[in-house]
Amino acid sequence: MELVRTKRKNRIRRVTVGSVLIYIFMIFLSVVILLPLLNLVAKSLCAPAKVPGMTGYQIFPAEFSLVHYRVILSTGAIWTALKNSLIITLGGTLLSVVLTCSSAYALTRPGLPGKKILMFFFLAMMVLSAPILQWYIVMKDYKLLNTYPSMIIYGCVSVYNMILLMRFFEDTPAAILEAARIDGAGDWTLLFRIFIPLNKVPIITVMLFYIVPKWNEYFASGVFLTKPDMRVLQCYLREFVVNSNSSELDTDLYAMFRDLNMTSLQNATIVISIIPLLCLYPTILKYFTSGVLAGGVKE
């Protein structure tokens with residue numbers, strides 16, 4: 001009993017004024033971040049006639065309706081843009097992870113000739129990134145404009161992510177590597193059979209670092225992909241949400257629902273665009289947090 005009372009007293013003592021203020025601030029910050037998002041979702045799910053009466057603080061629709069999503073999802077343009085974004089994100093992430101793991105493995109091997117020169121070059125490239133004009137000239141010369149490879153190749157390796165993986169690759173037990181070498185394992189076998197399986201958490205973390213920018217890429221896609229059938233989701237959002245270009249909607253559907261609220265249509269489009277990332281985050285967020293924290297700990 002005494003031990004239980006002591007633990008309770010210790011818990012009470014840990015609650016300080018500073019910790020209470022931090023909790024209050026975090027709750028306030030969460031409300032500030034979530035309220036606009038929930039209000040956006042509520043308006044997209046609200047009946048058109050009830051939307052004008054909703055305030056910016058309501059998080060529930062005044063009258064539930066899926067009519068805005070019916071119109072948006074019946075438009076072929078958004079499905080084309082969604083397909084293009086998925087292909088570019090998946091293809092670009094796969095290429096980026098493979099190249100980043102390969103370069104991190106090579107730069108952590110002892111006896112690599114010119115290792116210091118290579119690291120200096122990579123660090124310089126991290127600070128002095130190439131402007132978009134040079135990328136455009138390269139894509140044009142190789143006839144990659146208006147193709148998926150142009151966006152898949154663009155920014156495919158991040159030096160920061162490579163250095164993050166190098167930190168973990170260096171901690172791989174030498175005894176395992178020596179045993180694999182004795183069994184005749186080559187560099188590719190070591191990479192794909194030992195280094196990658198033993199470093200799943202940091203690799204998933206790096207994967208998240210690549211997925212989000214690829215999915216949200218807007219400026220480069222607007223430069224490299226100019227054909228309407230190659231437009232990605234972010235460019236579609238700009239035309240429909242920012243510029244309020246209703247020509248993106250199918251004419252028959254727009255005439256059928258002419259009383260729709262344009263703001264709610266735009267909100268529904270934004271919700272559709274963030275659903276893939278919202279589904280992805282809960283799955284790998286735990287790996288993201290543990291991977292970043294572990295990268296800063298040196299035993």
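The values are calculated or read from the model by the stated rules, or taken from the named source; none is laboratory data. Computed from a predicted model, the values in this text were never measured in an experiment. When we count neighbours, we look across all protein chains shown, and the Cβ atoms used for this are built from the backbone with ideal geometry, even at glycine. Ligands, DNA and RNA are excluded from the accessible area calculation, which covers all protein heavy atoms including side chains. Shrake-Rupley method; radii C 1.70, N 1.55, O 1.52, S 1.80 Å.
Considering the stretch 108-164, and only residues there that are of a type in the set (G, A, S) and within 27 Å of the chain's Cα centre (by Cα), the residue that is nearest to L86 (Cα to Cα) turns out to be S150. Residue pairs whose Cβ atoms lie under 6 Å apart, separated by 6 or more positions or on different chains, with the first residue in the stretch 182-196 and outside the structural domain of D171 (by TED's automatic domain parsing) and of a type in the set (G, A, S) and the second in a helix (DSSP H, G or I) and open to solvent by 20 Å² or more (accessible area, probe 1.4 Å), do not occur.
Where the second residue is of a type in the set (D, E) and the first is in contact (Cβ under 8 Å) with a residue 24 or more places away in the chain and lies in the stretch 68-89, which pairs have Cβ atoms under 7 Å and are six or more apart or on separate chains? Close Cβ pairs (under 7 Å, with a partner that is of a type in the set (D, E)) amount to S74/D250; T75/E248; T75/D250; A77/E248; T80/D229.
Scanning the stretch 143-168 for residues that are hydroxyl-bearing (S, T, Y) and not in a helix (DSSP H, G or I) returns T147, Y154, S158.
Residues checked against (1) closer than 27 Å to G222 by Cβ; (2) in contact with a Lys or Arg (Cβ under 8 Å, 6 or more places away or on another chain); (3) surrounded by fewer than 18 Cβ atoms within 10 Å (Cβ to Cβ); (4) not polar (S, T, N, Q):
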residue	(1), (2), (3), (4)
I152	yes, no, no, yes
R181	no, no, yes, yes
L191	no, no, no, yes
I194	no, no, no, yes
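For the criterion of being under 30 Å from L277 (Cα atoms) and touching a Phe, Trp or Tyr at 6+ places or on another chain (Cβ under 8 Å), T205 passes. Of all residues in the stretch 130-148, none that is on the phi < 0 side of the Ramachandran plot and surrounded by fewer than 12 Cβ atoms within 10 Å (Cβ to Cβ) has its Cβ atom under 8 Å from the Cβ atom of a residue that is part of a loop (DSSP other than H, G, I, E, B) and not hydroxyl-bearing (S, T, Y), 6 or more apart or on another chain.
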